[in-house]
Amino acid sequence: MARISRRALASRIVEYLRSAAECEENRNFWDDYCISWMTVAKAAHGEAQPHFWATYEHLGTAPAQIWPMIMAKRKNTLGRDFASWYDQAGNVKPDVPKKPVESVERVWLNKINPVQDRNSGTGNQGE
C-alpha cells in the first residue's frame, strides 16, 4: 500500500466533505459538513482548536453556545406550546400529541361519500 502524506490525505478529506456539503439538501447536515471540512483544513494547517474556530467562523458562535441558540429559537417559534413538545432539557417529549391513526381507504371513502350508511356498506344516504 502506498503511503500518502498527511497534507495530501487532509486535502482529499476536505474535498470529499466539501463535495458532500454541496450535494446536501438538509440545512442542518450542510452546516455539519461545512464545519467538518473547515475543521480538517484548519487541523492540517496546525491551527490550535480547529473545531472551535471552524464552528465560530461558520455559525458565528462558539460550539458551547449552539444548543442554547437552538433552544431559544424553538422557544421563540413555539411560544406557549413549547412545554407541550419539549421538556426543560430540550428533549422531545415521548407523549407528543400525534394525529390519530386511520385507514387511508376509510379517509378517502369518507371524503367521497360522507353520508354513507356504514352498516349496510352502501352509498345510500341514511334517514
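The values are calculated or read from the model by the stated rules, or taken from the named source; none is laboratory data. This one's a predicted model, so the numbers in the text were calculated from it and none came from an experiment. Because the Cβ atoms are built from the backbone with ideal geometry, glycine has one as well, and the counts that use them run over all protein chains shown.
Out of all the residues in the stretch 66-94, which are of a type in the set (Lys, Arg), more than 29 Å from TRP37 (Cβ to Cβ), surrounded by fewer than 12 Cβ atoms within 10 Å (Cβ to Cβ) and within 18 Å of the chain's Cα centre (by Cα)?
Of everything in the stretch 66-94, just one residue is of a type in the set (Lys, Arg), more than 29 Å from TRP37 (Cβ to Cβ), surrounded by fewer than 12 Cβ atoms within 10 Å (Cβ to Cβ) and within 18 Å of the chain's Cα centre (by Cα), namely LYS93.
Run down PRO97, PRO114 and say which single residue is part of a loop (DSSP other than H, G, I, E, B) and either within 31 Å of the chain's Cα centre (by Cα) or modelled with pLDDT of 90 or more (or both). Don't jump to the end; show me each part of the working.
Working: PRO114 fails: either within 31 Å of the chain's Cα centre (by Cα) or modelled with pLDDT of 90 or more (or both).
Every option except PRO97 fails the conditions.
Within the stretch 1-19, count every residue that is of a type in the set (A, V, I, L, M, F, W, C), farther than 16 Å from HIS51 by Cβ and at pLDDT 90 or above.
Adding up the residues that qualify gives 0.
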